[in-house]
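Asker: I have a structure I would like to understand better, so I am pasting it below and will then ask my questions one at a time.
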Amino acid sequence: MNKKVSFMDFLPSILALLLAIGTVTVFKACPKKPDGTWMRCHHVQDMVFISSLILTAVSLIPAFLGNKIAKFSLLLFCLLATVLIMLLPGVIMPMCMMKSMRCYTVMQPFVRSMSVLLILALGWNSFKAITKNND
């Protein structure tokens with residue numbers, strides 16, 4: 001394998017990892033209720049975390065593939081998975097009832113903005129993969 005790997009090949013994995021780490025640290029959802037139970041948004045946070053970790057691993061694979069159709073297919077899968085991750089908080093999975101809660105004001109905008117960055121990076125890599133001449 002004498003394929004040249006660039007930083008852009010790893011950018012989606014880096015962004016997905018930052019999304020996973022940020023969702024459970026700085027940009028996490030609402031804390032526990034006083035009675036010790038979790039609010040619904042905590043489960044959304046967990047789903048975004050797990051999905052982002054899986055996306056991190058899967059988005060690493062195209063950087064090492066030589067076949068442009070396989071690379072494009074995997075990048076397209078990652079692109080669709082990113083759209084689903086972007087829609088998880090508040091659209092696919094319900095969150096807290098009040099729009100002023102931390103899950104709506106901190107976590108949801110972070111997930112959406114990181115997802116847009118991921119979509120841009122994956123879109124660029126997909127374009128590069130399908131327009132590449134050698135294969």
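The values are calculated or read from the model by the stated rules, or taken from the named source; none is laboratory data. Keep in mind the model is a prediction, meaning the values are calculated, not measured. Cβ coordinates were reconstructed from backbone atoms using ideal geometry, including for glycine residues, and neighbour counts include every protein chain displayed. Only protein heavy atoms, including side chains, enter the accessible area calculation; ligands, DNA and RNA are left aside. Shrake-Rupley method; radii C 1.70, N 1.55, O 1.52, S 1.80 Å.
Asker: Within the bounds of the stretch 31-42, is there any residue that is of a type outside the set (Val, Ile, Thr), under 16 Å from the mean Cα position of the chain (by Cα) and either exposed (fewer than 15 other Cβ atoms within 10 Å of the Cβ) or modelled with pLDDT of 95 or more (or both)?
Answerer: Checked against the condition, which is being of a type outside the set (Val, Ile, Thr), under 16 Å from the mean Cα position of the chain (by Cα) and either exposed (fewer than 15 other Cβ atoms within 10 Å of the Cβ) or modelled with pLDDT of 95 or more (or both), the stretch 31-42 yields no hits at all.
Asker: Condition first: under 13 Å from the mean Cα position of the chain (by Cα) and touching a residue at least 12 places away in the same chain (Cβ under 8 Å). Now tell me which residues in the stretch 1-30 satisfy that.
Answerer: Across the stretch 1-30, the qualifying residues are Leu11, Pro12, Ser13, Leu15, Ala16, Leu17, Leu18, Leu19, Ala20, Gly22, Thr23.
Asker: List the number of the failed condition for Thr37; all other conditions in (1) in a helix (DSSP H, G or I); (2) more than 18 Å from Ser100 (Cα to Cα) hold.
Answerer: Going through the list (1) in a helix (DSSP H, G or I); (2) more than 18 Å from Ser100 (Cα to Cα), Thr37 breaks only (1).
Asker: Still on this structure, I have one more. Residues of the stretch 106-135 being within 16 Å of Val48 (Cα to Cα), of a type in the set (A, V, I, L, M, F, W, C) and either out of contact with any helix residue (DSSP H, G or I) (no Cβ under 8 Å at 6 or more places or on another chain) or open to solvent by less than 30 Å² (accessible area, probe 1.4 Å) (or both), which ones?
Answerer: Taking the stretch 106-135 as the starting set, the residues that turn out to be within 16 Å of Val48 (Cα to Cα) are 106-119.
The next check asks that each one be of a type in the set (A, V, I, L, M, F, W, C); those that pass are 106-107, 110-111, 114, 116-119.
Scanning the stretch 106-135 gives Val106, Met107, Phe110, Val111, Met114, Leu118.
Asker: Okay, moving on. In the stretch 74-111, what count of residues is obtained for those that are under 20 Å from Ser13 (Cα atoms) and assigned to a loop (DSSP other than H, G, I, E, B)?
Answerer: Total meeting the criteria: 1.
Asker: Tally up the residues in the stretch 70-86 that are in contact (Cβ under 8 Å) with a residue 24 or more places away in the chain and open to solvent by 50 Å² or more (accessible area, probe 1.4 Å), please.
Answerer: 4
Asker: If Leu11 satisfies every condition in (1) of a type outside the set (Gly, Ala, Ser); (2) under 16 Å from Val116 (Cα atoms); (3) at pLDDT 95 or above; (4) surrounded by fewer than 18 Cβ atoms within 10 Å (Cβ to Cβ) but one, which is the exception?
Answerer: Status for Leu11: all satisfied but (4).
Asker: Something else: Being of a type in the set (Gly, Ala, Ser), touching a helix residue (DSSP H, G or I) at 6+ places or on another chain (Cβ under 7 Å) and either part of a helix (DSSP H, G or I) or open to solvent by less than 50 Å² (accessible area, probe 1.4 Å) (or both) is the requirement here; does Gly22 meet it? If you could, list the steps in order and put the result at the bottom.
Answerer: Numbers: of a type in the set (Gly, Ala, Ser): yes; touching a helix residue (DSSP H, G or I) at 6+ places or on another chain (Cβ under 7 Å): yes; either part of a helix (DSSP H, G or I) or open to solvent by less than 50 Å² (accessible area, probe 1.4 Å) (or both): yes.
Here the answer is yes, as Gly22 does meet what is asked.
Asker: Would you mind finding the one in Pro94, Pro34, Pro62 that is farther than 30 Å from Phe127 by Cα and touching a helix residue (DSSP H, G or I) at 6+ places or on another chain (Cβ under 9 Å)?
Answerer: Values: Pro34 fails: touching a helix residue (DSSP H, G or I) at 6+ places or on another chain (Cβ under 9 Å); Pro62 fails: farther than 30 Å from Phe127 by Cα.
Answer to the selection: Pro94.
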